[in-house]
Amino acid sequence: MERGSFGTKIGVILATAGSAVGLGNIWRFPYMTGENGGAAFIFIYLICVFILGIPGMIAEFIIGRHSAANAVRAYKNMGGKCWSYVGLMGAITSMIILGFYAVIAGWCLQYLYAALMGNIGGDVTSVQNYFKEFVSNPIEPIVWTITFILITHFVVTKGVKKGIEKVSNILMPTLFVLLLIIVISSCTLPGAIKGIEFLFYPDFSKVTSKVLLDALGQGFFSLSLGTACLCTYASYFSRQTDLLKSSIQIAGIDTIIAIFAGLMIFPAAFSVGVNPDSGPALIFITLPNVFQQAFGSLPVFAYIIGVLFYALLALAALTSTISMHEIGTAFFFEELHISRKKGAWIETGICICIGILCSLSQGAAKINIFGVDFLSCCDFLTSDILLPLGSFLTCILIGRVVDKHVVKDEFTNWGTVSRSFYAIWLFGIRWVCPICIIFVFLHQLHII
Ligand code: PFF
């Protein structure tokens, strides 16, 4: 059974950064920043990425690269049979995330289509009604969800080098250019400076325990930590890949894109006097209106920005869904001893079923668990419980179970790189990360 691998160093970075960069950066990060008061949240988020994200990422990389196998086998190789359940949990988590993430990505496709047709806009009430009517339609959002999963399936079945790496090498630079165009347009609007101040002048009096813990939670989601996704991608890394350097580069790209997403949204929102704290609906309800008002004097420009924005969202989501799909595909392919294509179809089938239930739960049918709609339940179960749990157990495995020589060899590429940082990183993995994760976990469960 032939295993794939990434072909180039830049391919490794772009594909893994592609997993990290997604709706978490462009949809979740701006609304979290808006809800949590702006610059102070960003400041804390940066500290979290540094002390929690980068070390956690390296731990997952070590498991993946050392084992060169799918997540379940990789965790088993490192810690024994009972640890294979942590890998399995990661694979299941990624299937659930892919199910609901594809629904939101499907909404982006519909908005892209509507923006292309010039159908987005109008006053606040009509934009709101448009969103409500669309998401509660029983057919359309499902069609977009399935379309999105099938596009993801198509890329993944092309293989690691010809599919994932090739597509990431094209999509990531495209995404960056699109983002830059919208950032420049947004920052040059009259009154945009207030939005820039909101993002960069911290008011630490606004920092509460919620801000602190939301920043930590955002870090997990954004860096794809705790799903075995990084572990699966690392199983295609070569022995020359410098894990510390790569993780810093990937976290750096992820953070820059998130801040750029803020620079794209808030200057435009402040310029037209829209409140930044409109929550998850920010990009589907608030933004179409913001773009229209901000660039209204130049309707062609408003049209182009609208189209570029939703294209950007869909592309960013695609590089992430590819990585989630790959976790399950690699697992079915290697563990069931079937072809990669068949493995990918099983993953696609399961995710389409979850996606349909999530989509219907948005108004077309009453699919609730304890009174909460199915999509929100999936989001809560994964982001608030399974991701922190997966990361916590990964830290325990690498920091306390696996032979220290194996860990040191992987971290330093057999004594050739990053040797002086090993002790600091190990301390982080043994103490700082697990303690921080316990705090996030308790907070997410509303225990503290
Ligand atoms: N990091 C992605 C984002 O920010 O949108 C989300 C994600 C991707 C979560 C892959 C989990 C995963 F396995």
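The values are calculated or read from the model by the stated rules, or taken from the named source; none is laboratory data. All values derive from a computational prediction rather than experimental measurement. Please note: Cβ atoms are built from the backbone with ideal geometry, for glycine as well, and neighbour counts cover all protein chains shown.
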| Residues in segment 93-146 that are over 23 Å from GLY24 (Cα atoms) and within 16 Å of the ligand (Cβ to nearest atom): how many? | 0
| remark: Being assigned to a helix (DSSP H, G or I) and buried (at least 17 other Cβ atoms within 10 Å of the Cβ) narrows ALA281, ALA269 down to just ALA269
| request: Report whether or not VAL211 is away from the ligand (no atom under 16 Å from the Cβ) and without any contact (Cβ under 8 Å) to a residue 60 or more places away in the chain. | output: no
| All positions within segment 166-200 that are buried (at least 19 other Cβ atoms within 10 Å of the Cβ) and β-branched (Val, Ile, Thr) | VAL167, ILE182, VAL183
| message | Being in a helix (DSSP H, G or I), among the β-branched types (Val, Ile, Thr) and either crowded, with 19+ Cβ neighbours inside 10 Å or in contact with a strand residue (DSSP E or B) (Cβ under 7 Å, 6 or more places away or on another chain) (or both) is true for just one of ILE97, ILE51, ILE120. Which residue is that? | response | ILE97
| message | Could you list, ordered by first residue, the pairs with Cβ atoms under 6 Å in which the first is in segment 256-285 and at pLDDT below 85 and the second is surrounded by 20 or more Cβ atoms within 10 Å (Cβ to Cβ) and among the hydroxyl-bearing types (Ser, Thr, Tyr), at least 6 apart or interchain? | response | VAL274/THR286; SER278/THR286
| query | How many residues are aliphatic (A, V, I, L, M) and either over 25 Å from LYS408 (Cβ atoms) or within 12 Å of the ligand (Cβ to nearest atom) (or both) if we restrict to segment 73-92? | reply | 4
| message | Among the listed residues LEU397, LEU357, identify the single one that is away from the ligand (no atom under 16 Å from the Cβ), closer than 25 Å to PHE237 by Cβ and either in contact with a Lys or Arg (Cβ under 6 Å, 6 or more places away or on another chain) or modelled with pLDDT of 95 or more (or both). | response | LEU397
| query | Quick check: is even one residue across segment 158-170 in a helix (DSSP H, G or I), within 16 Å of the ligand (Cβ to nearest atom), touching a residue at least 40 places away in the same chain (Cβ under 8 Å) and in contact with a Cys (Cβ under 8 Å, 6 or more places away or on another chain)? | reply | no
| query | Within segment 100-117, can you find the residues that are aliphatic (A, V, I, L, M), assigned to a helix (DSSP H, G or I) and surrounded by fewer than 20 Cβ atoms within 10 Å (Cβ to Cβ)? | reply | ALA114, LEU116
| task | Could you grab me the full set of residues in segment 360-380 that are surrounded by 16 or more Cβ atoms within 10 Å (Cβ to Cβ) and within 16 Å of the ligand (Cβ to nearest atom)? | result | LEU375, CYS378, ASP379
| said: List the helices (runs of 4 or more DSSP H) inside segment 340-409, counting only whole elements, that have at least 2 residues being closer than 22 Å to THR329 by Cβ. | reply: 340-360, 387-396
| task | State whether one or more residues within segment 7-16 are over 16 Å from the mean Cα position of the chain (by Cα) and crowded, with 19+ Cβ neighbours inside 10 Å. | result | yes
| What number goes with the only condition from (1) within 15 Å of the ligand (Cβ to nearest atom); (2) modelled with pLDDT under 95; (3) charged (D, E, K, R) that GLU60 does not pass? | (2)
| said: Looking at LEU263, LEU244, can you tell me which residue is in contact with a Phe, Trp or Tyr (Cβ under 7 Å, 6 or more places away or on another chain) and away from the ligand (no atom under 16 Å from the Cβ)? | reply: LEU244
| request: Output the residues belonging to segment 4-44 that are more than 12 Å from the ligand (Cβ to nearest atom), out of contact with any Asp or Glu (no Cβ under 8 Å at 6 or more places or on another chain) and not in a helix (DSSP H, G or I). | output: GLY4, SER5
